[in-house]
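Asker: Please read through the structure below; I'll follow up with questions.
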Amino acid sequence: MALDPNCLFCKIVSREIPADEVLRDDHVVAFHDRNPQAPTHVLVVPTEHAAHLSDFTRSAGDDRAARLLAAASELGRRFGPDGYRVVINEGNDGGQTVHHLHAHVLAGRRMNWPPG
Ligand code: AMP
Ligand code: ZN
C-alpha cells in the first residue's frame with residue numbers, strides 16, 4: 001500500500017491527520033468533508049495514493065475504481081435514502097484541489113443541475 005508522505009489524504013489514511021471517519025476498510029477510507037456542500041458531504045479516498053481516476057483504469061481487470069464506487073454507493077444509500085450525488089473532480093478544469101483521487105458523496109438535499 002503506497003502512500004505519499006506529502007499528500008493530505010494519505011495523511012488521513014495513515015491517521016497522521018484526524019478526520020471524522022464514517023467507513024474504513026482495506027481499500028477505502030471515507031470521512032466528512034470539512035467544508036460541506038450539502039447536509040451530508042463525505043469523501044471516499046483509496047487507501048493507496050493515486051492522483052487521478054485514470055491511474056485506476058489503465059488495465060482490464062483493475063477493480064480499484066469499482067471498489068471506490070461501491071463504497072460511494074454504500075454511503076449514498078446510508079446518508080441519502082431519497083437519493084444522493086457522487087462527484088469526482090478531475091484535474092484543473094474539473095476543480096480538483098487535492099491530488100489524491102477521491103469521490104464526493106453529497107446527500108440530504110435536492111441537488112441542482114447543471115452543476116456549477
Ligand atoms: P476536490 O476539490 O475535489 O479536490 O475536493 C477536495 C475536498 O477536500 C474539498 O471539498 C475540501 O473541503 C476537502 N478537504 C480538504 N482538506 C480536508 C480535511 N483535512 N478534512 C476533510 N476534508 C478536507
Ligand atoms: Zn495521497
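The values are calculated or read from the model by the stated rules, or taken from the named source; none is laboratory data. Predicted model only: the values in this text are computed from it and were never measured. Heads up, the Cβs are rebuilt from the backbone with ideal geometry, glycines too, and the neighbour counts pull from every protein chain shown.
Asker: Out of Ser59, Ser14, Ser73, report the one residue that is out of contact with any Asp or Glu (no Cβ under 9 Å at 6 or more places or on another chain), of a type in the set (Gly, Ala, Ser) and within 11 Å of ligand 2 (Cβ to nearest atom).
Answerer: Only one candidate passes the filter, namely Ser14.
Asker: Here's a follow-up. In region 10-25, is there at least one residue being of a type in the set (A, V, I, L, M) and modelled with pLDDT under 95?
Answerer: Here is the first cut: in region 10-25, the ones of a type in the set (A, V, I, L, M) are 12-13, 17, 19, 22-23.
Applying the additional criterion that residues be modelled with pLDDT under 95 yields none.
Checking region 10-25: not a single residue is of a type in the set (A, V, I, L, M) and modelled with pLDDT under 95.
Asker: Before we move on, is Ala30 over 21 Å from Arg110 (Cβ atoms) and surrounded by 15 or more Cβ atoms within 10 Å (Cβ to Cβ)?
Answerer: Yes; evaluated as a whole, the condition is true for this residue.
Asker: Inside region 49-68, can you point out the residues that are more than 20 Å from Asp4 (Cα to Cα) and surrounded by 15 or more Cβ atoms within 10 Å (Cβ to Cβ)?
Answerer: Arg67 - this is the single residue of region 49-68 that is more than 20 Å from Asp4 (Cα to Cα) and surrounded by 15 or more Cβ atoms within 10 Å (Cβ to Cβ).
Asker: Restricting to region 72-116, and then to whatever is surrounded by 18 or more Cβ atoms within 10 Å (Cβ to Cβ) and either polar (S, T, N, Q) or in a loop (DSSP other than H, G, I, E, B) (or both), can you tell me which residue is farthest from ligand 1 (Cβ to nearest atom)?
Answerer: Residue satisfying both the conditions and the ranking: Gly80.
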